[in-house]
1. Taking the conditions exactly as written (crowded, with 18+ Cβ neighbours inside 10 Å, touching a strand residue (DSSP E or B) at 6+ places or on another chain (Cβ under 8 Å) and not in a loop (DSSP other than H, G, I, E, B)), does residue 105 satisfy them or not?
2. Failed condition for residue 98, given (1) without any contact (Cβ under 8 Å) to a residue 40 or more places away in the chain; (2) in contact with an Asp or Glu (Cβ under 9 Å, 6 or more places away or on another chain); (3) in a loop (DSSP other than H, G, I, E, B), with all others met?
3. Starting from residues that are open to solvent by 60 Å² or more (accessible area, probe 1.4 Å) and not polar (S, T, N, Q), keep the ones in the stretch 125-144 and report whichever is nearest to residue 174 (Cα to Cα).
4. Please specify each residue of the stretch 108-124 satisfying the condition of being open to solvent by less than 20 Å² (accessible area, probe 1.4 Å) and part of a loop (DSSP other than H, G, I, E, B).
5. I need a count of the residues in the stretch 158-179 that are open to solvent by less than 30 Å² (accessible area, probe 1.4 Å) and touching a His at 6+ places or on another chain (Cβ under 7 Å).
6. Name every residue in the stretch 101-143 that is free of Cβ contacts under 8 Å to residues at least 12 places away in the same chain, on the phi > 0 side of the Ramachandran plot and within 24 Å of the chain's Cα centre (by Cα), in order of residue number.
7. Is the stretch 62-78 home to any residue that is open to solvent by less than 70 Å² (accessible area, probe 1.4 Å), over 20 Å from residue 114 (Cβ atoms), modelled with pLDDT of 95 or more and of a type in the set (Gly, Ala, Ser)?
Amino acid sequence: MKSGFNQLCRVALGCFAACLLIFPLLARAQPHDLLKDSGKADLVVVHKAERTLELWSHGETIAKYRVALGFNPVGPKEYEGDGRTPEGVYTVILHNAASHYYRSLKLDYPNAADVAAAKAKGLTPGGMIMIHGLPNSKTAAQVGHPARDWTDGCIAVTDDEMENIWTRVENGTAVLIMP
């Protein structure tokens, strides 16, 4: 009887020790750690100062690209024609395969705050802000990509990068554009 009790205690102690090791790991695990990642992004983050665009999935960066911005990139977009890329939170609202650039993802710029800020200055906020590839029938070298900011306010990547972004970012995905 004593031998069986000792064996039961060793098993219980072993289970307890295993739980002490496993539970902290499970507590830190995110749902995607337990499921196969689809490769789809649930967030796009643009760092204007760093000239980068990151695709995020479940709190982790899954891809990172060099970008070109509007020709006057410092500061948030204030009005149509200022050459600035907006700053703030936007949403991808359209995949455009018939773009003047190699594919584009249209953002919901201007939002209510953008309209109000421009209107307070007696200006129009503009629109048609997109994440897009290179101009059709032009190379990166011809536009100076990515060393030179060459867009009117959009976020530009190479055509190959746009192909990857296009397949991983769905309409409705949030886009955070940071200074």
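The values are calculated or read from the model by the stated rules, or taken from the named source; none is laboratory data. This structure is a prediction, so every number in the text was calculated from the model and none was measured. Backbone-built Cβ (ideal geometry, glycine too); neighbour counts: all protein chains shown. Keep in mind that these areas ignore ligands, DNA and RNA; they rest on the heavy atoms of the full protein, side chains included. Shrake-Rupley method; radii C 1.70, N 1.55, O 1.52, S 1.80 Å.
1. Details: crowded, with 18+ Cβ neighbours inside 10 Å: yes; touching a strand residue (DSSP E or B) at 6+ places or on another chain (Cβ under 8 Å): yes; not in a loop (DSSP other than H, G, I, E, B): yes.
In short, yes.
2. With respect to (1) without any contact (Cβ under 8 Å) to a residue 40 or more places away in the chain; (2) in contact with an Asp or Glu (Cβ under 9 Å, 6 or more places away or on another chain); (3) in a loop (DSSP other than H, G, I, E, B), residue 98 is out only on (2).
3. Filtering first and then ranking leaves 128.
4. First, pick out the residues of the stretch 108-124 that are open to solvent by less than 20 Å² (accessible area, probe 1.4 Å): 109, 118.
If the condition is that a residue be open to solvent by less than 20 Å² (accessible area, probe 1.4 Å) and part of a loop (DSSP other than H, G, I, E, B), then 109 is the only one that fits.
5. Selection size over the stretch 158-179: 1.
6. Taking the stretch 101-143 and keeping what is free of Cβ contacts under 8 Å to residues at least 12 places away in the same chain, we get 112, 115-116, 119-120, 122, 137-139, 141-142.
If we keep only those that are on the phi > 0 side of the Ramachandran plot as well, we get 122, 137.
Result: no residue meets the conditions.
7. Looking through the stretch 62-78, at least one residue is open to solvent by less than 70 Å² (accessible area, probe 1.4 Å), over 20 Å from residue 114 (Cβ atoms), modelled with pLDDT of 95 or more and of a type in the set (Gly, Ala, Ser).
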